[in-house]
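Worksheet: one structure, shown below.
No lab work stands behind these numbers, since they all come straight from the coordinates. Given the structure is predicted, the values throughout are model-derived calculations rather than measurements. Quick reminder, even Gly has a Cβ in these numbers, built from the backbone with ideal geometry, and neighbours come from all protein chains shown.
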Amino acid sequence: MNNSLSKKIINNESVYFKNLQRVRESKKMTQIKLATEANLSQQSITYYETGTRTPSLEAAVKLAKVLNTSIDYLVGLDNKL
């Protein structure tokens, strides 16, 4: 696990939550569809988007991959979608 990336996600949680939902909605994906494609539960997606929980690095990578974006974008380190 890349500890510096985990720290970036933790330090930029509120940006991550907002960007995750923004990107998902821009792709016209439901939480259920995103969860299915990322092999996560729909409840996990809800938790991540509301800030109730922080995704593991593994989950963050899966979500970025399914959404065809970077973790850097999701955590606010890059402004290119």
#### Entry: Placed amide H near Arg53: partners under 5 Å, 5+ positions off or other chain
Tyr48
### Summary
With label points set 7 Å from each Cα along the Cα-to-Cβ direction at Glu37 and Glu58, the distance between them in nm comes to 2.1 nm
#### Entry: Size descriptor, Kirkwood hydrodynamic radius, that averages inverse alpha-carbon separations across the stretch 32-80, Å
10.9 Å
#### Entry: Segment Glu25-Ser70, length gained on full extension (0.36 nm per residue, minus Cα span)
14.6 nm
